[in-house]
Amino acid sequence: DQQVKQNSPSLSVQEGRISILNCDYTNSMFDYFLWYKKYPAEGPTFLISISSIKDKNEDGRFTVFLNKSAKHLSLHIVPSQPGDSAVYFCAASGRSGAGSYQLTFGKGTKLSVIP
Amino acid sequence: KAGVTQTPRYLIKTRGQQVTLSCSPISGHRSVSWYQQTPGQGLQFLFEYFSETQRNKGNFPGRFSGRQFSNSRSEMNVSTLELGDSALYLCASSFDSPVYGYTFGSGTRLTVV
């Protein structure tokens, strides 16, 4: 059972326009949500996170929105740049009984920004 | 500051062999987690260590094991390798909170033939 879903495997956007990447989750116990960017042959790079008690977090060109009632979050990139072309992973964090945090990842969305 | 260092970067093993992968976390990070990335399954959680203790384990067979040393460096071991173990193995370190994100290494690409 996939607890974190990214339903769009790929997305193409024109340079300068907005990129919107979506993510849905099923587990209401998740308390943090994170977005990572990954280039080929590299590890994922942390982009931005949001606590479950907030509905928006901004960092430069990146904004994450959380809709808890819909169990949905989205990452907005404005304006999109060719260097943003990568695979984006949505991840959710929940605390286990042992006090450990564990990240559950979606399968990723490949963003292509066309010059 | 130095990032998360994983060695080796690439590894080719034959079925039935065992393998040990190494991870050096960012200085000061005491939590080290391991993930397996495959094209079909995405990133899947293997286990997490904190202060030399395994705190959490994902849904992987007992052939996958790990440990953490007093300097927070971690190793993971896979015994009796199967073709399906071919994957990118990623290590991530953190301050024990996801607020600042986990910092991942570049991974070890394991190919089992």
Handout entry: Kirkwood hydrodynamic radius of chain A, Cα pairs, Å
Key = 14.3
Practice task
Return the carbon/sulfur percentage of the accessible area of the stretch B:18-99, one whole number, probe 1.4 Å, all protein chains in place.
Solution key: 46
Completion exercise
For chain A, the charge dipole (Cβ of Lys, Arg +1; Cβ of Asp, Glu -1; about the Cα centre) points to a positive end, and the Cα of A:86, A:70, A:16 closest to that extreme belongs to A:70
Practice task
Pick out which of A:74, A:19, A:28 has the largest mean-square fluctuation in a Gaussian network model of chain A, springs linking Cα atoms closer than 10 Å.
Solution key: A:28
Problem - Long-range HN-HN contacts of residue A:15 with modeled amide H, under 5 Å - result: A:114
Completion exercise
With every protein chain kept in place and a 1.4 Å probe, the residues B:7, B:103 fall, from largest accessible area down, as B:7, B:103
Handout entry: Cα→Cβ-extended label distance, 7 Å offset, between residue B:67 and residue B:12, nm
Key = 3.0
Exercise for the section: Provide, for the protein assembly as shown, the number of lysine pairs with alpha carbons under 18 Å apart, each pair being eight or more places apart or on different chains. Expected result: 15
Exercise for the section: Might you report the magnitude of the Cβ-based charge dipole of the stretch A:24-115 about its Cα centre, with Lys and Arg at +1 and Asp and Glu at -1, to the nearest 20 debye? Expected result: 140
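The values are calculated or read from the model by the stated rules, or taken from the named source; none is laboratory data. It should be emphasised that the depicted structure is a prediction, and the values quoted were computed from it without experimental measurement. Here Cβ is always computed from backbone atoms with ideal geometry, including for glycine, and neighbour counts include all displayed protein chains. When the accessible area is computed, the model is the full protein with side chains, heavy atoms only, and any ligands, DNA or RNA have been set aside. Shrake-Rupley method; radii C 1.70, N 1.55, O 1.52, S 1.80 Å.
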